[in-house]
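The values are calculated or read from the model by the stated rules, or taken from the named source; none is laboratory data. Quantities reported herein were computed from a predicted structural model and do not represent experimental measurements. Ideal geometry is used to build each Cβ from the backbone, glycine not excepted, and the neighbour counts take in all protein chains shown. Surface areas here come from the heavy atoms of the whole protein model, side chains and all, with no ligands, DNA or RNA. Shrake-Rupley method; radii C 1.70, N 1.55, O 1.52, S 1.80 Å.
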Amino acid sequence: IMSKYVGWGGLAPAFDEQNEVWAKEYKQLKELLTPEEYRVANSTVLDSFYTSPVIIDAIYDAVDKFGFTGGNILEPACGVGNFFGRMPEKIMESSKLYGVEKDSISGRIAQKLYPGVDISIKGYEECDFNDGSFDIAIGNVPFGDISISDLKIHDFFFAKTLDKVKEGGIVAFITSKGTLDKKDSSFRQNKKKK
């Protein structure tokens, strides 16, 4: 049941105090969540969405074709841990897993579902992983018009992760046209941009 939780992305209207259609849900959220949980949940409504198992499996198929068999794995926006749950057993058995999730509800669910995974409940921007400490980073990073350190959020996740993954490692992220269709290609070409 917990693994079916998909985050707050589909419930943005429930956080709008002015939306009369969602007034009941707005009131329930204000009553059920602590002020900090509400603040974080509200901050994730634009970039918290469920990743289909078909897409996750396709990413693992691609990773397998690159010859990845195990190592230190980072999922920097893990939600409830769907990428951990769909990970092929042969990779899981030979890997150390790390996750990061800003939303405390999603993060606590991931911790319960995957007790063997080191999951930090905080923003990725607050994590102090050593550069070059991961063999692979995988996941569905947030995207939208939010900025961190003067970069759009998806660009920030790429830039930080490229430093955290070892030279020759793999970054297998789902991203948006915001990364792929920029007229200025300098970000895609410059690993060290922060």
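Looking only at residues in the stretch 36-49 that are assigned to a helix (DSSP H, G or I) and open to solvent by less than 70 Å² (accessible area, probe 1.4 Å), the one that is modelled with the highest pLDDT is Tyr38.
Listed here are the residues, each with its yes/no results for (1) outside any strand (DSSP E or B); (2) touching a Leu at 6+ places or on another chain (Cβ under 8 Å); (3) at pLDDT 95 or above.
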position	(1), (2), (3)
Phe129	yes, yes, yes
Ile136	no, yes, yes
Gly144	yes, yes, no
Asp155	yes, no, no
Phe158	yes, no, no
Lys166	no, no, yes
Ile170	no, no, yes
Phe173	no, no, no
Gly178	yes, no, no
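A search for C-beta distances below 8 Å between a residue of the stretch 7-35 that is under 22 Å from Glu101 (Cα atoms) and outside any helix (DSSP H, G or I) and any residue that is of a type in the set (Ser, Thr, Tyr) and modelled with pLDDT of 85 or more, counting only pairs 6+ apart in sequence or on different chains, returns Gly7/Ser106. Please specify each residue of the stretch 127-145 satisfying the condition of being of a type outside the set (Phe, Trp, Tyr) and open to solvent by 60 Å² or more (accessible area, probe 1.4 Å). Passing the criteria: Asp128, Asn130, Asp131, Asp145.
For the stretch 117-127, which positions are in a loop (DSSP other than H, G, I, E, B) and more than 25 Å from Val54 (Cα to Cα)?
Hits for the stretch 117-127 are Ile121, Lys122, Gly123, Cys127.
Considering the stretch 107-121, the residues that are among the charged types (D, E, K, R) and at pLDDT 95 or above include one that is farthest from the chain's Cα centre (by Cα), namely Lys112. If the condition is being over 18 Å from Val165 (Cβ atoms) and not in a helix (DSSP H, G or I), then the stretch 50-70 contributes Tyr50, Thr51, Ser52. In the stretch 50-70, the qualifying residues are those that are among the aliphatic types (A, V, I, L, M) and touching a residue at least 12 places away in the same chain (Cβ under 8 Å), and the one that is nearest to Ser106 (Cα to Cα) is Ile56. Residue check: is Gly123 open to solvent by less than 40 Å² (accessible area, probe 1.4 Å) and closer than 14 Å to Lys102 by Cβ? It is true that Gly123 is open to solvent by less than 40 Å² (accessible area, probe 1.4 Å) and closer than 14 Å to Lys102 by Cβ.
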